[in-house]
There are 4 protein chains.
Amino acid sequence: MSHRIPVTVLGATGVVGQRFVRRLADHPLFRIEHLAASDRSAGKRYREACAWRLDGEPYGGLGDQVMGEGAPEHTLSPVVFSALDTGPATELEPAFARAGALVFSNASAFRMAPEVPLLVPEVNPEHLELLKVQRTHHGWSGGIVTNANCTATVLVMALAPLHAAFGVEAVLMTSMQAVSGAGYPGVPSLDILGNVIPFIRNEEPKVEEEIPKMLGRFAGRTVTPADLAVSALCHRVPVLEGHTEAVSVRLRGNPTLEDVRAAWLDWHPEPQHLGLPSAPAVPIRLHDEEDRPQVRRDVELDDGMSIHIGRLRACPVLGVKFALLGHNTERGAAGGSILNAELAHAKGYLR
Amino acid sequence: MSHRIPVTVLGATGVVGQRFVRRLADHPLFRIEHLAASDRSAGKRYREACAWRLDGEPYGGLGDQVMGEGAPEHTLSPVVFSALDTGPATELEPAFARAGALVFSNASAFRMAPEVPLLVPEVNPEHLELLKVQRTHHGWSGGIVTNANCTATVLVMALAPLHAAFGVEAVLMTSMQAVSGAGYPGVPSLDILGNVIPFIRNEEPKVEEEIPKMLGRFAGRTVTPADLAVSALCHRVPVLEGHTEAVSVRLRGNPTLEDVRAAWLDWHPEPQHLGLPSAPAVPIRLHDEEDRPQVRRDVELDDGMSIHIGRLRACPVLGVKFALLGHNTERGAAGGSILNAELAHAKGYLR
Amino acid sequence: MSHRIPVTVLGATGVVGQRFVRRLADHPLFRIEHLAASDRSAGKRYREACAWRLDGEPYGGLGDQVMGEGAPEHTLSPVVFSALDTGPATELEPAFARAGALVFSNASAFRMAPEVPLLVPEVNPEHLELLKVQRTHHGWSGGIVTNANCTATVLVMALAPLHAAFGVEAVLMTSMQAVSGAGYPGVPSLDILGNVIPFIRNEEPKVEEEIPKMLGRFAGRTVTPADLAVSALCHRVPVLEGHTEAVSVRLRGNPTLEDVRAAWLDWHPEPQHLGLPSAPAVPIRLHDEEDRPQVRRDVELDDGMSIHIGRLRACPVLGVKFALLGHNTERGAAGGSILNAELAHAKGYLR
Amino acid sequence: MSHRIPVTVLGATGVVGQRFVRRLADHPLFRIEHLAASDRSAGKRYREACAWRLDGEPYGGLGDQVMGEGAPEHTLSPVVFSALDTGPATELEPAFARAGALVFSNASAFRMAPEVPLLVPEVNPEHLELLKVQRTHHGWSGGIVTNANCTATVLVMALAPLHAAFGVEAVLMTSMQAVSGAGYPGVPSLDILGNVIPFIRNEEPKVEEEIPKMLGRFAGRTVTPADLAVSALCHRVPVLEGHTEAVSVRLRGNPTLEDVRAAWLDWHPEPQHLGLPSAPAVPIRLHDEEDRPQVRRDVELDDGMSIHIGRLRACPVLGVKFALLGHNTERGAAGGSILNAELAHAKGYLR
C-alpha cells in the first residue's frame, strides 16, 4: 500500500467530505495526504474541526491529522477530491487544476462547462478524454472531472442501457429526496417532519440539463448533448439517505417490458470490466417484489454504489414506467467521485 | 334543526367512519339516526365499539349511542353514508338501495359500474342523473352514489377546469400519499418510518380508470369516458394526512402558463353557486410561494375540502407541470361523500 | 375594542414571536402597536421580514405593518412582549423597563434575578408584587415579568396543587421535548429523524432552579425558594409541538393516589377565578385512558393552554408517578407570557 | 464446521425470529436444523412463509428450507431458540424441554418461574445452574433458559457493575423504546408518527420484577432477589431499533461520579473472559461527548451486543444519573438468547 497515490480532500468536514474520508481510509489506490475545509479549520486537528456523523471508525482514523489550508500552495496532491460548495469550488478547483492536480469534484460549478467531463464511469467513460481539451484550452497541467447531481446520477444509470439499446426520447422523473442531500445542518426538522416539500432549489434544472450532457456523444473534442426531453419534479421527504425516483420514459421503437428488462440485465459497463475497486459487481439491481425497492431497506446495499430498479410496468402516457432508487451521498456524491478517479487511474491519467 | 334528514353511517368505527360522524355532528341538513359497523359492534355503545382518533369532541357527541346492525332491516335511513370495506360494501350497499335508501359510498365496489355516478360535485354534477338509470335498471327505490378514490378526487379537481378550458390529452401523476389512506391499523410503523414505499395495492389502476369516467360526458343514460391517457405512480410516505401529487399534463392547443392559471382562477363550479354547506368558498387554492403547497402546513385549510396547487411551470415533456395537494380522508373520503349528499339534496333527490 | 392597550412584540419574526402575533391579533385587552426583531428587519413589512410558519391567517393579519427598531426610543408601548434571545434580551428588556414599559418576557435572561417574578399565574400570582421591588430597586417606571422555561412551566403546573396539598419533597422528571423548542431553523433533520438526543443545552439546570423559585414563598420583598430536590433528564424527540414529561414525586405524608388525584381535581387557581381571557377553563386535564395523554393527539386542546396528566400510579422509588404533557410554545412560551400580562392587568398593574 | 450443534428456531418468521436466523447463519457453534412458526407455515419454504425484513442475505441463506411443525415430535434439536409469543411459548417450551432440548427463550412466559434462569451472561452466569433444579423438579432431560425483557436487559447491564461495586438501593428508569419491540405489524404508523405514547402494555412490571431477580444471589437451589426498588416509566417513540433509557440510581456509600465511572470501566465479566463468540469485546461503551449516546447513531455498533452509557452526572434526587442505550432486538432478544446458549455450551451443558 506504500505506493498509493496521495490525495487531498477539500471540504472534508461536511456530510460528503466525511464520506470521502471514510471511503479513502483504506482505499487500495489512494491515501489521504491533506484534509482541508474552510480557513477557520486550518491548523485544527480533524477531530476538532469536524462533527463526525457517520458509522464506523470516527474520522476515518484521521482524527489527529492537522488540517491544512484549502489552497494549492498549501495542500496540493496529485489527486484532489472536492466536496466544496459552489462558491469556493468556482475559485479553488481551477486553481488546483492549474497547479497540476486532477480535481474530482462533487460541486456543480463546472458541470456544464463544455470542456469538463460530467462523468459516471458506467455511462460515459469516453467523456474523460475532455481532460485533454482542458489542458489545451486552459493550459492546465491538471484538470477537473465532475460527477453529476445526485438525482441525475441515479437516473442516468437507469437510462444509459435503455438509451444504448433503444434510444430514449423523453423521460419524466419525480424524485423523493433524502434530507442528507442538503448537507448539514441542512433541512430544519420543523420543515420536514411529517411533511413533503415540493421544491428543492436548482434541482430540477440540474437534472434536466445534466442528463442530456451525460448521454451525449463525445466526438474528439466536444460532447454533443443527447436529443431527449427531460422533465424533473423534485421533492424533499423525511428520509435520511437515498433518493427514490418515479420514472416514465418514451423509448424509440416501442420495446416490450421484457426487452427493457433485458437491456438492464445485459448491461456490462466498463468499470465492471476493469474491476475498479469502487465499482459494484452489479451496477443495476432489479427487484421482483411488488413493493420494492424501498429506500430504507435497500439503499445501503453494495456500499451504496449500485442503483435499484423495480415495478417495471407499462405507462399509459409515455410507454414504460418504473421505480428507481440510489444513494445520494455515496453513488451520487463521494463514491461517485472516487469511482471517477479510479477510472482516470485505469485509463492512465494518473501516474 | 328538527327537520334534518335522518342518516345512517355504515362502518362508523373506522378512520373514515369517524370523520363522517364528526362532520355530521352538527350538519344543517342531516342528523345521525343510526351508527353501524361490523356485527360484533351491534348493541355496544359507540364509545365502546370505537377507538376515537380525531381531534375535537370525542365520538362527535354520540359516545352513548347504541350501535345497530348494518342491515336495512335494522338501520335503514333515507340517507346512508358508507365507509365500508369493499367486501361488505358489495353486499350491503345494494341491499340498502333496494330498501329505499340513497347510499353515498366511499367504497370502491361500485365506482366503475356504468349506472353508478362517480361524483365530485364541482366536476361532474350532471352525472347524478344516473340515479334515474339505476332505478329503471335495478328497480331500486333508492340508489348508490360513489365518490372517487382519494388520489383521483384531488387530481380530477385540478384537471376539470383544464379539461373544460382546453381539453386534457394526457396526465402523468406521481403521488406521495399519507398513511391515513390505509385506515387503521393500516401501515405498520416498521414499514414507513424513514421510508418511501413505491407501491399501494390497486391504487394506480383506480386513478387511471376513474379519472376518464369522472371527466366523461353524460348523455341521457350513460357516461362516455373522456378520451385522455392517465398514468399514475403511487407512493406511501411518512405523512399523517394529505396526499401530495406531482402532475404533468399535455393540453390541447398549447395554452400558456398564464392561460392555465386563469382557467383555475375562473373556475366557479356548481356547489359554490348552490352554496352547499360543505363546499369550500374557493375550491382550488393557488399558492405563489416557490415551495408550497406543503402537506403538513396547508392540507387542513377549509376543513380539508379545497385542493391546493402551486409551482405551475413548463414541463419539457408534456407541456405543463404543477404541485398538487388535497386531503385524502376529508375531500377524498368523508367530506366528499357528504358534499355528494348535499348536491343530491339541492337537486331534489332527497325529500 | 378601541381601548385596548397598545403593545410591542420584540422578536416578532421567530417561532415564538409569530405565536405572540397570532394570539394578539384579536385579543380583547391588547392590540399590537409595534413589531420589531433584529435591526435588519426594521423598515421592512412584516410579511417580508418573516417566514410565517403557523396555521391560520398569515402574519396575524399584520403582513403589511412596517417593522420598527427594537429600542425604546422607537417602539415603546405600555406593554412589551419579548421573544428575544438571551443576548439581546439582557440588554433590551431593562431598557424598555426603564423607559416605562411592563415587559413580559419569554427569555431566560432575568428569570433567576431575585427581584423579577418568574410567573405562572395559576401557580404563584402573588410573585407579581416583586414588580414593586423592581421599581424601588432599579428606579424603573416599568418592570420585567418573566415566564419560565417551557419544560419547567408544564411541570410546575402539575406540582403546584400537590405542593399546596401535601408538600413536594422531591421530583424526578424525564422530558421528551418537541423540536419547536429549539426555534427555527433549530434542530437539523439529520440529527433528529428516527433518533432521540439525550441532551438539550442548559435545559436541565433551568428546570432544576426554576421550579423551587416558582413554588417559593413570597414574603413582602423576596421569594424564598421552596425546599425540594428537583432532577431533570431532558431529551429531544422527533415531535413537532409539545413536551412529554415522565414524572415521579415524593410527597409529604404519603398521600394515596386518590388523594393526589383529588388535589388536581380540586385545584381552582386565580386566573380561572378572574376569568382571564387566555386562562383555560380547566388548567389540568386528567386522562383516564391507559395510554394517554399523547402529545400529537392531545396537546392542541384548549389552544395549548391546559396541561395534561394521565397514568397516575404508584412509584416504587419515590411514591407517585404520572405522565405529563404540555404545549411548549403556547403555555410554555407565547400564551404563558400573555396570560402573565392579563394577570397584571387584572391586578391593576396596567392602566 | 461439520460438528456444529443442530438447533431449531421456533417463531422463525417474526421480527426476532429473523434475527435468530441471520445470527445463526454462520455461527461457529450452531447450525440451523429446523425452522418452525405457526401451523400454517409448516410445509412451506421459509421464503414463502416469511416476509424478510432485515439487511444482508435474505432468509439467512435458508430461503428454500422447508419449515417444520413447531412440536417436539417434528422439529426437536438439542438446542431450541424460541421467539414465540407468550401463549404458544407457555405450551411448547416445556414440551421441548421435556423431550430433551435445551430451550433458550425470548418469551416472557417462564422468566419469573423460580427454577428458570433469567440470564444475562455478563450479569448472572451462575444462575445457569438452575437448570439442574429444573431437571430434578420437572424430571426434564432438557431445560429452559430465558433472557430478560429487552428494556430490563439493557438496564441490568448498566446496573450490574454498580451493584457489585457499591450496591444499588434504588433505580428509576424512563425508557424511550423503538417500535421494533412490538414486533410486526406492531405499532401502527397512525399511532406513532410525530408522537410519544406513554404506555407499553406489561412493560413496566416486567422491568420492575426482572431486575431484582437478575441481580439476585444464587444459593445452590434458589435465587434470592436483590433488595432494591425499581421504578420504570416506559414510552414508545418513533425510532426503529434501540431503546434509550434515562436512569437515576441511589447507590450505597455515596460513591463519586469518578468511582461510578471506574466501576463500569473495570467490569470484565465472564463472557468476555471465555471469549464467547457473540460477546462484545467491551460490553459497556462509555461516551464522552455531551450529547451521546444517540440511538440512531450508536446502537448498531458491536452488532448491537454492547450497551452505551453517557452523560454521567449528579442527580439531585437519587445521587447519580446517566443516559443509557441498547439494542432491543439484538442484545435484548435474539443476540441475548444466542449468547445464553454460548455460555451454556462453555459451561458444559451442551454436548
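The values are calculated or read from the model by the stated rules, or taken from the named source; none is laboratory data. This structure is a prediction, so every number in the text was calculated from the model and none was measured. Neighbour counts are summed over all protein chains in view; Cβ atoms, including those assigned to glycine, are modelled from backbone coordinates with ideal geometry. Surface areas here come from the heavy atoms of the whole protein model, side chains and all, with no ligands, DNA or RNA. Shrake-Rupley method; radii C 1.70, N 1.55, O 1.52, S 1.80 Å.
Brief remarks follow.
- Aspartates and glutamates whose Cα lies under 15 Å from that of D:LYS347, excluding same-chain neighbours fewer than 8 positions away: D:GLU122, D:GLU126, D:GLU129, D:GLU270
- Here is how far apart the A:GLU126 label points are across copies: 5.8, 7.7, 9.0 nm, shortest first, using a point 7 Å from Cα toward Cβ.
- Rounded if a/c under 1.5, otherwise prolate or oblate - the protein assembly as shown, Cα gyration tensor axes: rounded
- For the rotational copies C and B, the chain C residue with its Cβ nearest the relating axis, together with that separation in Å, is C:GLY194, 3.
- Coil-residue chymotrypsin sites (Phe, Trp or Tyr not before Pro) of the range B:79-169, DSSP, other Cβ within 10 Å capped at 16: none
- Separation of alpha-carbon centers, the range C:249-292 and the range A:145-165, rounded to whole Å: 62
- Taking the Cα centre of the protein assembly as shown as origin and assigning +1 to Lys and Arg Cβ atoms and -1 to Asp and Glu Cβ atoms, the resulting dipole is close to 0 debye.
- Ordering D:ILE197, D:ALA281, D:LEU324 by Cα displacement along the dipole of the range D:150-327 toward the positive end leaves D:ILE197 in first place; charges were set at the Cβ atoms of Lys, Arg (+1) and Asp, Glu (-1).
- Evaluated with a Cβ-only charge set (Lys, Arg +1; Asp, Glu -1), the range A:150-327 carries a dipole of roughly 320 debye about its Cα centre, given to the nearest 20.
- The range D:150-327: C-alpha gyration tensor shape, a/c 1.5 cut-off, then a/b vs b/c: rounded
- Förster radius 56 Å - calculated FRET efficiency between C:ARG47 and A:HIS268, Cβ distance, rounded to 0.05: 0.45
- Neighbouring partner chain Cβ atoms per residue of D:43-56, average, 10 Å criterion: 1
- Placing a label point 7 Å from Cα along the Cα-to-Cβ direction at D:THR222 gives distances to the equivalent points in the other copies of 5.8, 8.5, 9.4 nm, listed shortest first.
- Percent antiparallel among DSSP beta bridges (both partners in the range B:150-327, rounded to 5): 70
- Antiparallel %, DSSP beta bridges [both residues in the range D:9-152], to 5: 5
- Charged side chains reduced to their Cβ positions (Lys and Arg at +1, Asp and Glu at -1) give chain C a dipole of some 360 debye around its Cα centre.
- For the range C:41-187, the gyration tensor built on C-alpha atoms gives an oblate shape. Its axis ratio a/c (a ≥ b ≥ c) is at least 1.5, and a/b is not larger than b/c.
- Couplings 3J(HN,Hα) of the range A:274-290, computed from phi: 6, x, 4, x, 8, 6, x, 4, 10, x, 10, 8, 8, 10, 9, 4, 5 Hz, in residue order, whole Hz [Karplus 6.51 cos²θ - 1.76 cosθ + 1.60, θ = phi - 60°; x for Gly and Pro].
- Mean per-residue shielding of peptide C:195-208 is 5, counting Cβ atoms of other chains within 10 Å of each Cβ.
- For chain D, built as a Gaussian network whose Cα springs stay under 10 Å, the top-fluctuating residue of D:LEU102, D:LEU76, D:LEU240: D:LEU240
- Taking amide H as placed 1.01 Å from N in the peptide plane, the amide H of A:GLY216 sits under 5 Å from that of A:ALA226, each at least 5 places away or on another chain.
- Anchor B:LYS321: lysines whose Cα lies under 27 Å away (excluding residues fewer than 8 positions away in-chain): A:LYS206, A:LYS213, A:LYS321, B:LYS206, B:LYS213
- Distances from C:LEU274 to itself in the other copies, using label points 7 Å out along the Cα-Cβ axis, amount to 5.2, 6.8, 7.7 nm in increasing order.
- Chain D - mean residue ellipticity at 222 nm from DSSP helices (-39,500 (n - 2.57) per run, n ≥ 4, rounded to 500): -8000 deg cm²/dmol
- The trypsin sites (Lys or Arg not before Pro) of the range D:207-293 that DSSP puts in a loop, and whose beta carbon has at most 14 other beta carbons within 10 Å, are D:ARG221, D:ARG252.
- Taking every protein chain into account, the 1.4 Å probe leaves D:GLU270 with about 60 Å² of accessible area, to the nearest ten.
- 10 Å Cβ neighbours from other chains, averaged over peptide B:144-155: 0
- Bridging of C:LYS44 to lysines at a Cα separation below 28 Å is possible for none of them, once same-chain residues fewer than 8 apart are set aside.
- Vicinal HN-Hα couplings computed from phi for the range B:151-168 (Karplus, 6.51 cos²θ - 1.76 cosθ + 1.60; Hz; Gly/Pro x): 5, 5, 4, 4, 5, 5, 5, 6, 7, 3, x, 6, 5, 5, 7, 10, x, 9
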